[in-house]
Amino acid sequence: MLRTTPDSVSVEILSPAEAIHVIQTFLTNTDPAPTLVSTTLSPIATSLYALFGALARMKTSDPTLRESVRGLLLTWGRVVPVDEAVAILWACIDGQGGDWTVDVAGNVRRVKKCVCISPTNLGILFEIIRQETDPSLAFFTPDDLKRAEESGAFDLDANVLDLRPDPAHFVDFLKSLDRPDVASDVFVRLLEGYRDLRANDGSDPLR
């Protein structure tokens, strides 16, 4: 952020929480036209979602910050065009928002971590959405589900594999946007992406 005086210009590096506050204040005090929202938030939407996921995982995180991030994401997701929303949500699934940590003192920082899309994540995301929409759309085979249940490795809500994004959290967020058009396109892309990965990988979908 630039700070100017009559004699100098300085650059101040804001913390993630401070930056979010600045963005929220800016959008609150301007005309929230879709173009402005898109221009402001689309470039950082993947990072915002990754941060939102980290704050949700850390139960002791600042609830005000968590709701601020959620509010920005909802504002963004409800006004951007379908194609733009789907592309950015897919980038979230692909881990392009990076990974974030929140310590016990509430300090937020981005960490370097390889977050790679996998058949497991696509599969669980697809299965949760399928259950929310049309149970007749079979995804995991009965043998897949039986094997996972017996091993205790497959719980749609537990995220025992520590996947990023958390499948249940992502689907809850997708539902909260109240954009059936966006959800439908994401659903189709998940199916296509899973089929492509599974065809190329040839591995068990629960890997």
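Coordinate-derived values only; no laboratory data. This one's a predicted model, so the numbers in the text were calculated from it and none came from an experiment. Note that each Cβ is placed from the backbone with ideal geometry, even for glycine, and that neighbours are counted across all protein chains shown.
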With the charge dipole of segment 1-115 built from beta-carbon charges (+1 for Lys and Arg, -1 for Asp and Glu) about the Cα centre, the Cα from 41, 92, 77 projecting farthest to the positive end belongs to 92
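To the nearest 0.05, how large is the calculated FRET efficiency for residue 62 and residue 87 if R₀ is 41 Å and r is the Cβ-Cβ distance?
0.85
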Working out 0.36 nm times the residue gap between residue 36 and residue 78, then minus their Cα-Cα distance, what length gain in nm do you get to one decimal?
-> 13.8 nm
